[in-house]
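Here is the structure we will look at.
Nothing in this text is a laboratory measurement; each read-out follows from the coordinates by a stated rule. All values reported here derive from a predicted model rather than from experimental measurement. Cβ coordinates were reconstructed from backbone atoms using ideal geometry, including for glycine residues, and neighbour counts include every protein chain displayed.
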Amino acid sequence: MILGLYCPDIAQNAGTCLRTGACLGVPVHIIEPAGFPVGNAAFRRAGMDYLDHATFVRHAGFGAFQDLLRREARRLVLFTTRADGSYLDFAFRPDDALLFGRESAGVPEDVHAAADARLIIPLRPNLRSLNVAVAAGMALAEALRQTGGFPGAADRR
């Protein structure tokens, strides 16, 4: 399982995702360009000392990220407000790449079209979206729950 952030706008959200990835043992992939200089200094406030335990990979663009997905035979699962299917009804696989769009604009049409699955987190009527770091945490938790991927999960069976 990997967590991807498409051209994130807000360093604190990316830092929170890195902290979540560190705690859950999931690498975070950042697809550039970002709305801030990508690096530890930008993430330090939200990521705190967890960044030393985080694995993050930078991609120069979506094409580079797609190359990685092809090489590793990963399925691209896009979380978007333009989806019909709920993430709660989806069967995740351990090799999935969960992708979240930029806070200001989501993802462009070519990225939307490239996804193997497009999912939504159901919300109350008339509300647009969750904070990207919150949404990523919710989605990652469900995917790890389904696949037994939480750290130490095998010990609890």
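Sorted from fewest to most neighbouring beta carbons within 10 Å, what does the list E142, E72 look like?
Working: E142 17, E72 10.
Listing E142, E72 from fewest to most nearby Cβ atoms yields E72, E142.
Sort M1, M138 by Cβ crowding within 10 Å, fewest neighbours at the top.
Details: M1 21, M138 15.
Lowest count first: M138, M1.
How large is the dipole of the chain about the Cα centre if only Lys and Arg carry +1 and Asp and Glu carry -1, each at its Cβ, rounded to the nearest 20 debye? Please report the intermediate quantities before stating the final value.
Numbers: 17 positive and 16 negative charges, 53 e Å.
For the chain, the charge dipole is close to 260 debye.
For the chain, what's the relative contact order in percent, using C-alpha pairs closer than 8 Å and at least 6 residues apart?
Once divided by the residue count of the chain, the mean separation gives 27 percent.
Per-residue ellipticity at 222 nm for the chain, helices alone: DSSP H runs ≥ 4 residues times -39500 (n - 2.57), over residue total, nearest 500 deg cm²/dmol?
-10500 deg cm²/dmol
Under the √(5λ) rule applied to the eigenvalues of the Cα gyration tensor, what semi-axes describe the equivalent ellipsoid of the chain? Give them in Å, descending.
Working: eigenvalues 84, 79, 54 Å².
Result for the chain: semi-axes of 20, 20, 16 Å.
Convert 37 °C to kelvin, take the viscosity as 0.692 mPa s, use the Kirkwood radius over C-alpha pairs of region 65-157 as Rh, and evaluate the Stokes-Einstein diffusion coefficient in µm²/s, rounded to a whole number.
Values: Rh = 14.1 Å.
Result for D is 232 µm²/s.
Charges on Cβ only, +1 for Lys and Arg, -1 for Asp and Glu, centred on the Cα centroid of region 48-136; of A64, L99, I121, which one is farthest towards the dipole's positive end?
Value: I121.
In the chain, what % of DSSP beta bridges are antiparallel (nearest 5)?
5 percent
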